[in-house]
Amino acid sequence: MSYLISSIFRPSEIIALIHYKYFQLTNIIQIDPKNKNKKRCYEFLRQTSCSYATLIQKIHEDLRDETCIFYLILLGLDTIEDDMTIPIEKKEPLLRNFHDIIFKKGWTFTGNGPDEKDRQLLLEFDIVIDEFLFRDIITDTTKEIGNGMADYANDA
C-alpha cells in the first residue's frame, strides 16, 4: 500500500499503474487454435501467475514461446520440490534427473498430493515437453536448479 501512496508524488507512475491495471489484457497474444499444445501451455502460464503471464506475453516473439516453456518446466520442478507429500526417496531422484525427464515424450507425474496448487501442470506435463524447444540452456539450468533443490531437501 505504501508504494501506492508514494506514487501520488510521481504522476507518471500513476498513469503506468492505471495502464497496467486496465489495458494489460489487450496485449494477450493470439495463438493458432490448431496448436492445442501451445495454447494449453499459455493457459497454464495464465493460471499459475498473472504477473509472469503478462510479462512473458510482452517479450519479443522470437523468445516468447521459449520463455513460456522454460517457466513451465521450472514451475514443474518447483512443484515437485514444494510438495511435502512426496517422500524424499522419490523426490530426490526426480529433482536430480528432471533435466533428463524433460526429454521423455509422454512423461507426466501423478505423484503430487491432491491439494498441490500446480498439480494439473504435472498431470499434463507431456504437453510442455512437446513444446520444449530451447533445450540446451533450459536443460543446463534445470539440472543446476534441480541438484540445488535436492541438496537443500536432503539437508532439511
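Among the residues of region 79-98, those that are surrounded by 20 or more Cβ atoms within 10 Å (Cβ to Cβ) and among the β-branched types (Val, Ile, Thr) comprise THR79, ILE80, ILE86.
Out of all the residues in region 115-123, is one or more under 28 Å from ASP151 (Cα atoms), touching a Phe, Trp or Tyr at 6+ places or on another chain (Cβ under 6 Å), not small (Gly, Ala, Ser) and not in a loop (DSSP other than H, G, I, E, B)?
Taking every residue of region 115-123 in turn, at least one turns out to be under 28 Å from ASP151 (Cα atoms), touching a Phe, Trp or Tyr at 6+ places or on another chain (Cβ under 6 Å), not small (Gly, Ala, Ser) and not in a loop (DSSP other than H, G, I, E, B).
Being under 18 Å from ASP140 (Cβ atoms) and either touching a helix residue (DSSP H, G or I) at 6+ places or on another chain (Cβ under 7 Å) or surrounded by 20 or more Cβ atoms within 10 Å (Cβ to Cβ) (or both) is the filter here, so list the residues in region 58-72 that pass it. Listed by number, the residues that qualify are THR67, ILE69, PHE70, TYR71, LEU72. Mind listing just one residue for me: the one in region 99-155 that is in contact with a helix residue (DSSP H, G or I) (Cβ under 7 Å, 6 or more places away or on another chain) and over 22 Å from ARG40 (Cα atoms) and, of those, surrounded by the fewest Cβ atoms within 10 Å (Cβ to Cβ)? So the residue we want is ASN154.
Which condition breaks for ILE86 when tested against (1) in contact (Cβ under 8 Å) with a residue 40 or more places away in the chain; (2) over 21 Å from ASP32 (Cβ atoms)? The failed condition is (1). Looking only at region 44-94, residues that are modelled with pLDDT under 95 and not in a helix (DSSP H, G or I) come to 4 in all. Restricting attention to region 34-52, the residues that are more than 15 Å from ILE127 (Cα to Cα) and surrounded by fewer than 13 Cβ atoms within 10 Å (Cβ to Cβ) add up to 2. Screening SER51 on (1) touching a helix residue (DSSP H, G or I) at 6+ places or on another chain (Cβ under 6 Å); (2) under 21 Å from ILE29 (Cα atoms) shows it passes everything except condition (1).
The values are calculated or read from the model by the stated rules, or taken from the named source; none is laboratory data. All values derive from a computational prediction rather than experimental measurement. Cβ atoms come from the backbone with ideal geometry, glycine included; neighbour counts cover every protein chain shown.
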